[in-house]
Amino acid sequence: MRNGFFVKSLMAAALLALPCNAAMAATATMEKEQNLVDRATLAVRDIFSGAKSTSKITRYLAQARGVIVCPSVFRMSIAFGGGSGGCVLLTRDARGSWSDPAFYTIATANFGLQLGMQDAEIMMFVMTDNGVQSLLDSQFKFGADAGTSFASSGSGIESGTAGSHNTDIMGVQKSKGLFAGAALGGSKLKVNSPANRAYYSQIVGPEDIVISMRVNNPGADPLRSALSEVLTTAQANVPAGANATTTTSQPVAQPAQAGQVHSQDLPSQ
């Protein structure tokens, strides 16, 4: 009798612990996604540190329909190159308000005789509605789904010719590794459905998050604020002897032909 009572007590305790364990697991998952959002906030501020009103990235952000921020894409190349990382997509509505982030993963692949490793902050500016719509698919492949122009951002973000007026998505990167410069051709951006579900505590897709904007997580407010603040600061930072230029937040680009990929390095200051 005593043993039976003991077994029943253990079973009851285990059943009571199940909701707690599930809640702890959900909290741990949300913390992982929040960490990505926090690092994306730091990456935005880092990429725009020192940006001026005449900087290319200031113009890109002022005109962008949305942004993709990948705070840490790590790649290692020994003959076969490749890399991966987490990214977030945010869009801006007609009033200039930023959405909450939708979560993605990025995977890159290279083949070539090269040695080195790279940890890069990548920020992509989605310049057209066509570019935004392409990103709503479960998987987006650069160079196949939309025209892209990619530039490596180092100390020379003040000038450069990277980016065309008919490009859907343009990007910059800040590298912390043994080699600089990168190409996004063939890279895949995939919706991270488990991360979206964990962060918003419900089943949601990118369209729910960045188009209808029907969900919100206060943990993303610093990232949304950072996007507005860095643009305001950069536009106010007019170089000596230069006239202030007025930029608008309306996309001016037209869709490019699918498959266009340009890889360029911005010149040093």
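The values are calculated or read from the model by the stated rules, or taken from the named source; none is laboratory data. Keep in mind it's a predicted model, so treat the numbers as computed, not measured. Reconstructed Cβ throughout: ideal geometry from the backbone, glycine too, with neighbour counts over all protein chains shown.
Of the conditions (1) part of a loop (DSSP other than H, G, I, E, B); (2) at pLDDT below 95; (3) under 19 Å from Ala220 (Cα atoms), Gly50 fails just one. Which one is it?
So Gly50 meets the others, but not (3).
Could you identify the single residue in Gly112, Gly82 that is farther than 17 Å from Gln139 by Cβ, modelled with pLDDT under 90, assigned to a strand (DSSP E or B) and not hydrophobic (A, V, I, L, M, F, W, C)?
The match here is Gly112.
State whether the residues of the range 153-162 include one that is modelled with pLDDT of 55 or more and either more than 16 Å from the chain's Cα centre (by Cα) or in a loop (DSSP other than H, G, I, E, B) (or both).
no
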